[in-house]
Each structure stands twice: as C-alpha cells, then as structure tokens.
Amino acid sequence: MLSPFGARVHAPWAMAIEARLRRGGLEEVQAVWSDDGIILRVPDADEPPGAEVVVLDPDEVEDLVVGTVGSSAVFASCFRENAARSLLLARRRPGGRTPLWQMRQRAADLLAVASRHGQFPIVLETYRECLRDRFDLPALVGLMRDVASRLVRVVSVDLPVASPFASGLVSTYVAAFMYEGDSPLAERRAQALTLDRRMLAELLGSDELRELLDPRVLAELEEELACLAGRRRATSSEGVADLLRRLGDLRAPEVELRCDPSVDVSEALSALAAARRVIAVRIAGEERFIAAEDAARYRDGLGVALPPGLPEAFLEPVADASLQILRRWARSHGPFRPSEPAERFGIAVEEVVGLLGELERDGRLERGGFRPGGSGEEWCDAEVLRTLRRRSLAALRKEVEPTDAEALARFLPLWQGVAAIGVDPPGGGVDRLYEVIGQLQGVPIPASVLERDVLAARVRGYEASMLDELLGSGAVIWVGAGSIGREDGRVVLAHRDRAGLLLPRSGRVGGPLVGGEAPGGELHEHLRGALSARGACFFRELGAPGARDGDLLDALWDLVWAGEVTNDGFAALRAVAGGRRRSGTKGTSRRRPGRPSALGPPQGQGRWSLVDKSLGVAADPTLASVAVAGLLLERHGVLTREAVRAEGLPGGFSGIYPVLRKMEESGRARRGYFVAGLGGAQFALPGAVERLRSVRERSEVPGGPATVLVLAATDPACAHGAALPWPERGPARVAGAYVVLVDGVASIYLERGARSLLVMREADGSWEQAAVGGLAWLAGSSRLGRVVIERYPEVLAPALLGAGFVPTPKGMALYGR
C-alpha cells in the first residue's frame with residue numbers, strides 16, 4: 001500500500017492492520033512501513049487481502065494500536081533507550097562501552113519483569129513516546145474519518161512488478177524485524193493486557209468521555225434502561241413481572257411509573273403476589289417488590305428476610321449474590337457513583353467499591369469520567385457504555401451531515417445580528433454601529449435601504465446621527481459603487497483603517513462594481529482637477545465658469561457613483577436617496593422651502609474629496625486578498641461559491657480560494673460540506689459551523705408563536721438570490737423589495753412599491769397569518785407607511801383581513817401608524 005502521509009502515520013496504521021487481521025485468524029501477519037507506504041506479509045492466506053483491509057473504524061484505531069505497539073520492534077528499541085537513560089541498565093565497567101547485543105538482552109530481561117506491572121514508569125513512558133513522538137495517532141484517526149466521509153479514496157491497483165516506491169519498501173524488511181525477538185509472544189500480549197489504560201490516558205492527555213458523550217443520548221438511554229420510555233413500559237401483569245425480573249427490586253410507585261396508564265398496578269401486584277411470582281420484602285427500610293426467582297439472591301446478598309412458603313428451588317444458596325444484584329443494577333443505569341447503589345441497597349460505600357472493583361477486573365464494568373457536565377470518578381456497565389458511545393457517535397455523525405438550505409437562511413440573519421419581529425437587536429449606540437459596519441464593509445448596498453432597512457435592523461435605537469458621528473470623526477468612509485436609476489445607487493461602507501485593503505476591490509474607478517467607462521465630460525474633468533488641486537472642498541468651491549448648479553451637481557454625482565468622489569457626511573446621500581435630487585427638468589435642483597440659495601442644494605452639502613486621496617497608497621495585493629477573504633468569512637460565517645459570486649468579487653471564488661486554503665491550513669477556517677447542494681468547496685469559521693448546526697431544525701414550538709423576520713431583498717443577511725436560489729420564479733434582489741421569512745423559510749416576497757405579493761411556499765394554513773403579520777409590522781414601522789397591495793394570491797385574503805388590511809377599489813390597504 002502506497003500513501004503520501006509519511007512513516008508517523010504508516011507505523012500505527014500498519015500495526016492496526018496487523019491486529020485486525022490477527023483477530024480474523026491470520027496469526028502470522030507481518031508488516032513493514034516507511035515514508036512511502038506499508039508492505040503486508042500474510043503467509044497463511046491463499047490470496048492477498050483486498051483494499052478494504054486498510055480501511056479501519058476511526059473509533060477502534062487507538063485500541064488496536066495500543067494493544068499491538070507493545071509487541072513491535074519500535075517499542076523494544078524505545079524501551080531499551082529509555083531504560084538506559086534512566087540508569088536501569090547498569091554497566092559493568094564505568095566509562096566502558098557495553099555491546100549492543102548485551103544491552104538488548106538486559107533490556108529484554110527488564111521488560112519481561114516490568115511488563116507485569118501496568119504502572120511501571122518506563123513502560124508508560126515508552127508507550128507515550130511511541131504513541132505521541134514516534135507516531136501521529138490523531139492524524140491516522142483523522143485520515144480514517146476522511147476515508148469514511150469519502151474525502152479520501154482508497155484505490156486498488158494490480159501491477160505485474162513492484163513500483164519504484166514499493167521496491168524501496170522491500171529493503172527495509174529485515175531492519176524492521178531486527179528486534180522482533182526481544183520479548184516472547186506471551187509476555188508481549190500479557191504486557192498489553194496489564195497496561196494501565198487510565199494512567200496512559202493521563203500521560204497522553206486524552207479527553208475524558210464526559211466531553212465526548214452526548215447528554216441527550218445519555219438521557220434517552222437511561223430512560224430505556226429504566227423502562228421509562230413509552231415502548232418499554234409494561235402493558236399487562238406479565239409485563240410487571242418482566243419489569244421486576246429485568247430491573248430487580250422496585251417500590252410500588254416506581255412500578256407504576258413504568259406501566260402503561262391502562263394497567264392497574266395494585267391489582268397486578270396483588271395477583272402476582274397471590275400466585276407467588278412476586279414477593280414483598282423490606283430493603284433499606286422500605287417495602288419493595290422483587291421477583292420470586294430473586295429471593296435467595298436478595299437473602300444472601302443483602303440479608304433480606306423472606307416470607308414463608310417459597311418453593312425450595314428459589315431458596316438454594318447463591319455464592320456471588322451481591323455481585324449479581326449490583327451488576328443488574330448497573331445494567332439498568334447510566335454512569336453512576338458508588339454512593340448511589342450503596343444508598344439504594346442500604347450497604348456501606350466501601351463494600352460497594354470493593355464489589356465494583358471485582359466487576360471491573362472481570363471486564364463487566366468500566367471506571368472513568370463519563371457523565372457530561374459531571375466530575376470525579378464514575379462507574380458504568382461495559383455494555384451500557386458501548387451502547388452510549390455508539391449512539392453518541394451516531395448522533396455526532398448526524399450533526400456533521402450537511403444542513404439544508406433552510407438552515408442557512410435561518411443562520412445568516414442570526415450570524416449578522418438581524419433582529420426578528422418582537423426582538424430587539426443585540427446592541428445599540430455608536431459602538432454597535434461601528435461593529436456592524438465592520439461586518440458589512442466592502443459589500444455594496446442600495447443607499448435607499450442602507451439606513452432604513454439594514455442598519456436599523458442591526459442596531460437598537462438606530463439614528464442617523466450615529467452614522468454622521470462616525471463619518472465626521474473619520475472612523476468610517478463611504479464610497480459609491482454604481483447608480484440605480486436617477487435617484488438611488490449602491491454604497492460601500494468601510495472602516496477607514498481598512499479601506500485601503502477593501503475599497504480598491506469595490507469602489508475605485510473601473511472597479512468591478514462600477515462597470516463601464518469612467519465619466520469623461522468637461523465638468524467631470526473640472527471637478528477632478530479642482531479636488532486634486534485643493535483637496536476636500538465644499539460644493540460652492542467647486543463651481544465652474546458658466547456652469548449651472550444642476551449640471552455641476554449631476555457631474556459630481558456621476559463621479560460619486562463611479563467611486564471616484566466621496567463625502568465626509570451622509571446628508572447629501574440621504575437627500576439623493578430620498579428622491580429630492582432632481583425635478584422634472586434636467587439641470588434644476590430641488591431645494592427645501594425657505595432654504596437660502598447661498599447654502600446650495602441639499603444634494604451637495606458637506607465636503608467632497610477624491611477617494612484615491614482618502615485611501616492613500618494602494619495596498620499590497622496579497623494583503624488585500626487576505627483582508628477580503630477574512631471579511632467574507634466574517635460576514636457570511638459559512639462561505640460558499642455562490643455567496644462570493646453574488647458579491648461580484650473580481651476573480652470570483654477561484655481568486656480567493658488559495659487564501660482560504662491557507663487559512664484552513666493555519667486553523668483560522670474550516671473546510672467542509674456544511675450546506676447541501678452548494679458545492680463541496682465551502683469554508684467557515686469554527687464558531688459558525690456550530691451555530692449553523694444549532695439552527696438545523698426549525699425553532700417553532702407546536703402551538704407557539706413563529707419566528708418572523710422581514711428583510712430587505714438586498715440585505716446581505718438575505719441568503720436568497722445570493723447564496724441560495726429563490727424558491728419561486730419572479731423575485732429579485734432589487735431595492736425597495738422585501739422578503740418575509742417564517743421560521744427561516746422564505747414565505748412572501750413584497751415587490752418594490754408594495755403593490756404586488758408573491759407566495760414562495762405552499763399554503764397549508766401554518767404560516768400565512770404569521771407572514772402577513774410581518775407585512776403589517778412593516779407598514780406600522782414607518783418603513784412603508786400606507787400599503788396598498790393590488791395583486792395578491794386569493795389564498796392570502798383571509799390572512800390579510802385578519803392582519804388589519806381593508807379592501808379598497810385598488811386592493812388590500814393598510815395604513816401605517
């Protein structure tokens with residue numbers, strides 16, 4: 001077998017393969033490894049093993065390696081070196097050289113004695129050195145998980161002669177088995193059996209199972225073991241008798257908890273007692289019921305007094321009665337402390353600990369830290385623990401399965417801090433706004449929705465003065481990124497200290513989000529020259545001889561939308577986005593009533609400057625690529641090819657893929673298949689993956705209120721039309737349109753102008769009222785004011801009426817507060 005993973009992975013891999021084949025009956029298996037691969041020698045086999053022999057269960061790898069490494073040549077040589085460093089191999093003549101064969105023989109003798117003691121320090125240190133320093137066991141486990149998840153393939157190839165890499169492996173065969181005879185086979189196997197696994201786990205720094213087991217799985221398993229789960233409950237008097245045989249002694253209320261409501265527990269116990277199948281005894285000072293077959297067991301194990309009249313077959317002495325009672329109790333419980341069965345049976349804790357130790361030595365119980373959130377040493381039945389690990393692993397594997405598209409639609413608003421209806425945003429004030437801009441910087445957003453729909457949804461109590469404060473202080477800069485019609489355009493916000501890295505990709509002349517040619521008229525050149533020569537200027541300082549204010553204003557905003565000119569405030573942009581820029585005649589500007597002409601048009605207020613001068617020297621392309629990749633991960637949490645394409649990044653996903661790959665290698669990002677249907681190359685921040693999985697299921701509670709979210713169609717938190725396709729044909733990411741999500745599912749699309757509704761999911765009566773309630777909230781929040789929906793599906797008519805809409809000749813109308 002050839003692979004590129006190196007000897008530190010190949011060595012434990014080969015040992016695990018040997019152990020697996022020996023379990024299958026091939027005792028004489030031998031393996032040799034190097035940096036190039038593994039060679040297997042199977043003299044007892046009629047034909048070479050198939051490729052499946054090298055694929056191991058990730059959960060069994062560590063046990064296989066630990067059980068096999070003690071018989072390897074690597075272990076023998078490491079033990080000799082460790083024993084020599086520890087001065088356990090004395091020299092006859094100080095300062096003299098001891099022959100190698102003699103050192104080997106002395107080390108073999110010492111190992112034969114030391115291997116009988118599982119806590120012998122040199123043995124444990126040798127295991128630690130082999131498993132951590134010589135081998136890369138975590139890498140092997142990870143590789144097996146990748147093979148199981150099909151990230152890595154195992155390919156079988158038959159060749160008439162060995163390849164050059166395989167030929168090189170053969171030369172290492174003799175050297176690999178040079179120390180094979182250092183210890184006899186029986187001693188090597190006994191050494192693995194007597195190894196103190198708990199102390200070894202402490203040396204290796206292994207996590208306790210309490211950090212790996214799923215608490216929900218544990219709760220479900222404990223219900224099943226105690227027969228509290230629905231399908232385990234008794235449904236008849238025979239079922240009650242089975243309960244007592246399976247669980248042991250129970251009080252009457254405990255029996256009732258484990259029975260179906262249709263069972264009369266008192267009558268069933270009385271009937272069983274009359275038939276001498278169940279007897280009542282006193283244990284730990286209280287009356288309990290036990291099966292008649294257990295009478296001698298409880299008499300000999302706990303000293304229980306038995307009623308007369310039992311058959312002689314049920315009264316024969318039981319030698320290990322206490323062990324049997326305790327083991328049955330352990331089989332019906334999850335991880336426990338010795339004090340729990342001691343209190344249950346009224347015996348001393350020290351006596352319970354002694355019995356538990358006997359069961360542990362027999363392999364019936366295991367000791368360690370098991371219960372999630374617990375502390376200290378616990379005990380658990382071996383079979384119960386195996387079931388718990390198996391089910392926890394199954395639950396974990398289910399969690400790591402890719403989520404559906406709905407989960408991404410639920411996750412993205414939560415990741416960006418967008419508040420649902422009835423929920424306040426996570427924070428308020430200028431500091432929160434600065435944080436929000438840090439996440440949104442670099443993405444073009446229509447100016448008409450930026451403050452009203454995007455920032456207000458993320459900042460509690462948002463006011464325009466907050467953004468003015470940040471712009472006025474120089475902490476934030478904005479740049480135009482293309483016009484949308486005559487009275488709107490896209491805007492990019494950025495922290496000024498990061499603008500040089502981010503805005504060259506979104507805002508400068510000829511940038512990808514601007515498109516087309518840079519404005520080249522006479523007034524445009526005049527404005528460029530004036531701003532270049534004078535620096536930041538007010539609108540009145542930019543006047544050209546013979547030019548009217550309206551023409552100059554048009555030219556100025558052409559440069560703004562081209563990404564060449566910016567402003568130190570946001571008032572002029574608000575005036576444009578508010579529809580006050582132009583009147584019906586080109587070249588005339590609309591002024592507020594009573595506004596002195598000396599102040600100039602509202603669309604020209606503030607100080608104007610060239611973007612290139614504000615950003616300074618162009619940043620290094622590599623630094624810019626790293627900054628953009630990090631920002632995309634911060635904004636999206638889970639980054640997909642479709643999300644990058646929607647942002648219009650130059651070079652697309654392939655342009656930043658090398659950076660994302662390096663971020664994965666450095667541990668700053670994770671790569672995987674997180675969302676189904678969006679391609680295999682997905683990258684995410686570690687915390688984002690857990691957050692995405694936490695919203696895998698819808699959050700609604702049966703009979704409870706649904707989570708309703710109203711997003712602008714162009715909001716970066718709206719995954720539809722960007723990372724995800726629209727559920728129905730017709731919707732688009734245009735300014736002024738809204739999407740209503742109910743429990744993360746896109747339900748209603750309100751077109752621009754609020755005159756038409758589109759339904760994006762099947763009407764079933766479960767979401768319609770909640771979705772229309774979102775529209776009513778939108779009208780009442782002063783975003784839209786009066787809403788008149790002229791076109792809507794008839795299936796929504798009852799919900800519209802229920803939300804307060806009034807039928808009018810033009811359609812359903814609702815007036816905002």
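For this structure, a couple of remarks:
- Condition met for Gly606 (under 27 Å from Val565 (Cβ atoms) and either open to solvent by 10 Å² or more (accessible area, probe 1.4 Å) or modelled with pLDDT of 80 or more (or both)): yes
- When segment 458-469 is limited to residues that are touching a residue at least 40 places away in the same chain (Cβ under 8 Å) and open to solvent by less than 10 Å² (accessible area, probe 1.4 Å), the one that is farthest from Asp715 (Cα to Cα) turns out to be Leu467.
- Filtering segment 422-436 to residues that are buried (at least 19 other Cβ atoms within 10 Å of the Cβ) and charged (D, E, K, R) leaves only Arg432.
- Test: residue in segment 145-154 that is polar (S, T, N, Q), farther than 30 Å from Arg85 by Cα and modelled with pLDDT of 75 or more: no
- Selection from segment 60-85 of residues that are of a type outside the set (A, V, I, L, M, F, W, C) and either in contact with a Leu (Cβ under 9 Å, 6 or more places away or on another chain) or crowded, with 21+ Cβ neighbours inside 10 Å (or both): Glu62, Gly67, Thr68, Gly70, Ser71, Ser72, Arg80, Asn82
- Inside segment 461-484, residues that are part of a strand (DSSP E or B) and touching a His at 6+ places or on another chain (Cβ under 9 Å) make up a count of 2.
- Selection count, segment 648-686, where residues are open to solvent by less than 30 Å² (accessible area, probe 1.4 Å) and within 12 Å of Gly630 (Cα to Cα): 7
- Selection status of Asp497, of a type in the set (Asp, Glu) and either touching an Asp or Glu at 6+ places or on another chain (Cβ under 8 Å) or modelled with pLDDT under 90 (or both): yes
- Residues of segment 213-227 that are surrounded by 14 or more Cβ atoms within 10 Å (Cβ to Cβ), of a type outside the set (Asp, Glu) and in a helix (DSSP H, G or I): Val217, Leu218, Leu221, Leu225.
- Extreme residue, nearest to Val708 (Cα to Cα), among residues of segment 750-774 that are surrounded by fewer than 18 Cβ atoms within 10 Å (Cβ to Cβ) and of a type in the set (Gly, Ala, Ser): Ser766
- For segment 741-749, the condition of being in a helix (DSSP H, G or I), in contact with an Asp or Glu (Cβ under 9 Å, 6 or more places away or on another chain) and surrounded by fewer than 22 Cβ atoms within 10 Å (Cβ to Cβ) holds for none of the residues.
- Any hit, segment 93-106, residues being in contact with a Phe, Trp or Tyr (Cβ under 8 Å, 6 or more places away or on another chain), at pLDDT 75 or above and not polar (S, T, N, Q): no
- Residues within segment 284-297 that are under 10 Å from Asp249 (Cβ atoms), crowded, with 17+ Cβ neighbours inside 10 Å and touching a Lys or Arg at 6+ places or on another chain (Cβ under 8 Å), tallied: 4
- Near pairs, Cβ below 9 angstrom, 6+ apart or cross-chain, from segment 668-687 (farther than 15 Å from Ser149 by Cβ and of a type in the set (D, E, K, R)) to any residue that is outside any strand (DSSP E or B) and open to solvent by 50 Å² or more (accessible area, probe 1.4 Å): Arg668/Lys662; Arg668/Pro686
- Qualifying positions in segment 249-266 - out of contact with any Lys or Arg (no Cβ under 7 Å at 6 or more places or on another chain), open to solvent by 60 Å² or more (accessible area, probe 1.4 Å) and touching a residue at least 24 places away in the same chain (Cβ under 8 Å): Leu257, Ser262
- Options Gly753, Gly744, Gly765; residue that is modelled with pLDDT under 90 and under 25 Å from Arg645 (Cβ atoms): Gly744
- Single condition Ile437 does not satisfy, out of (1) touching a strand residue (DSSP E or B) at 6+ places or on another chain (Cβ under 6 Å); (2) under 21 Å from Trp561 (Cα atoms); (3) not in a helix (DSSP H, G or I): (3)
- Taking the criterion of being assigned to a loop (DSSP other than H, G, I, E, B), under 11 Å from Val240 (Cβ atoms) and out of contact with any strand residue (DSSP E or B) (no Cβ under 8 Å at 6 or more places or on another chain), the only residue of segment 256-288 that qualifies is Asp264.
- Single condition Gly118 does not satisfy, out of (1) at pLDDT 70 or above; (2) buried (at least 17 other Cβ atoms within 10 Å of the Cβ); (3) part of a loop (DSSP other than H, G, I, E, B): (1)
The values are calculated or read from the model by the stated rules, or taken from the named source; none is laboratory data. Computed from a prediction, not measured in an experiment: that's the story for all the values here. Methodologically, a virtual Cβ is constructed for each residue, glycine included, from the backbone with ideal geometry; neighbour enumeration extends over all protein chains shown. Areas reflect the complete protein model, heavy atoms only, side chains present, ligands, DNA and RNA absent. Shrake-Rupley method; radii C 1.70, N 1.55, O 1.52, S 1.80 Å.
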